[in-house]
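Before any comments, here is the structure.
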Amino acid sequence: MKIFLIATIIVMLLSSCSENKHEKYELVWSDEFEYEGLPDSTKWDFDTIGNAWGWGNHELQYYTYNEISNAQISNGTLKIIARKETIHQKEYSSARLFSKEKGDWLYGKIEVNAKLPDGKGLWPAIWMLPTDWEYGGWPRSGEIDIMENVGYAPDTIFCTVHTMAYNHSIGTQVGKSISIPDNRETFHVYAIEWDSTNIKGFVDNIEYFSFDKQSDNSDEWPFNKRFHLLLNTAVGGDWGGKYGVDDSIFPAIFEIDYVRIYQKKKNNE
């Protein structure tokens, strides 16, 4: 009986902490995907410009534009579907959605409830890029990776930031990982909290990553400008394709239940 009471108290305290954390935020943008068909064009666009040069990571997919076979809403979720098919001299198709100029934010809490695709060679991601690139091209203006997963390490979730001083091309990126073994069978909430001095990464309200502002130098902290959200599944690439691609896994579905963006209420700023 005592063990049950202690467990109940712990659950209540954790719930209370979660509720108090949300009290300082207000919802400013969301997509609950409670409709059918293509993604809402007032909130999302299809990013295809990098198809011409391989997106910088030697990826194997072709990101399509406005194709329901690669991005569709049904039964309350968004499905980003990677397929094995030849299109524009690429062997795979997929979709890369972004909210640029339709959802752009400076600071906030970003939550995405998602179930990941399963298979070697896949590289699903929930991430953010600068909208205006005011400090220059990548990585000068920064990148925030809320969730990345590679199919050859299926249980591992990564949260990472990239800047001019800290980025993977020079081996100085700053990130952490957490093991979520059921991420392909179960929805989990992948999130960050981002303010003027810190970026924190979470899975299901469990904090596992934190990056503090070191200085006002934009090479170290370019995260004082507005960013937008991206959702995509890459196939292959320098990281995702490190051990090849298993063609038996297709079609592979990255499923998103909701996207919610919160910002601090004015009396909490």
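Scanning segment 217-269 for residues that are part of a strand (DSSP E or B) and polar (S, T, N, Q) returns Asn232, Thr233, Gln263.
Might you check whether a residue that is closer than 27 Å to Trp55 by Cα and at pLDDT below 95 occurs anywhere in segment 159-169? So far as segment 159-169 goes, yes, one or more of its residues are closer than 27 Å to Trp55 by Cα and at pLDDT below 95. When segment 174-195 is filtered for residues that are assigned to a loop (DSSP other than H, G, I, E, B) and either of a type in the set (Ser, Thr, Tyr) or in contact with a Pro (Cβ under 9 Å, 6 or more places away or on another chain) (or both), the ones remaining, listed by number, are Pro181, Asn183, Arg184, Thr186.
Would you be able to say whether some residue in segment 52-69 is over 18 Å from Val235 (Cβ atoms), of a type in the set (Asp, Glu), assigned to a strand (DSSP E or B) and modelled with pLDDT of 95 or more?
no
Taking every residue in segment 234-248 that is aromatic (Phe, Trp, Tyr) and pairing it with any residue that is modelled with pLDDT of 95 or more and buried (at least 21 other Cβ atoms within 10 Å of the Cβ), at least 6 positions away or on another chain, the pairs with Cβ-Cβ distances below 6 Å are Trp239/Val150.
Conditions tested, residue by residue: (1) of a type in the set (Ser, Thr, Tyr); (2) farther than 19 Å from Asn57 by Cβ; (3) at pLDDT below 95; (4) out of contact with any Gly (no Cβ under 8 Å at 6 or more places or on another chain).
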{"residue": "Gly201", "(1), (2), (3), (4)": "no, yes, no, yes"}
{"residue": "Ile206", "(1), (2), (3), (4)": "no, yes, no, yes"}
{"residue": "Arg226", "(1), (2), (3), (4)": "no, yes, no, yes"}
{"residue": "Gly236", "(1), (2), (3), (4)": "no, no, no, no"}
{"residue": "Ile249", "(1), (2), (3), (4)": "no, yes, no, no"}
{"residue": "Glu255", "(1), (2), (3), (4)": "no, yes, no, yes"}
{"residue": "Asn267", "(1), (2), (3), (4)": "no, yes, yes, yes"}
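The values are calculated or read from the model by the stated rules, or taken from the named source; none is laboratory data. Computed from a predicted structure; not experimentally measured. Every residue, glycine as well, gets a Cβ built from its backbone with ideal geometry; the counts of neighbours run over all protein chains shown.
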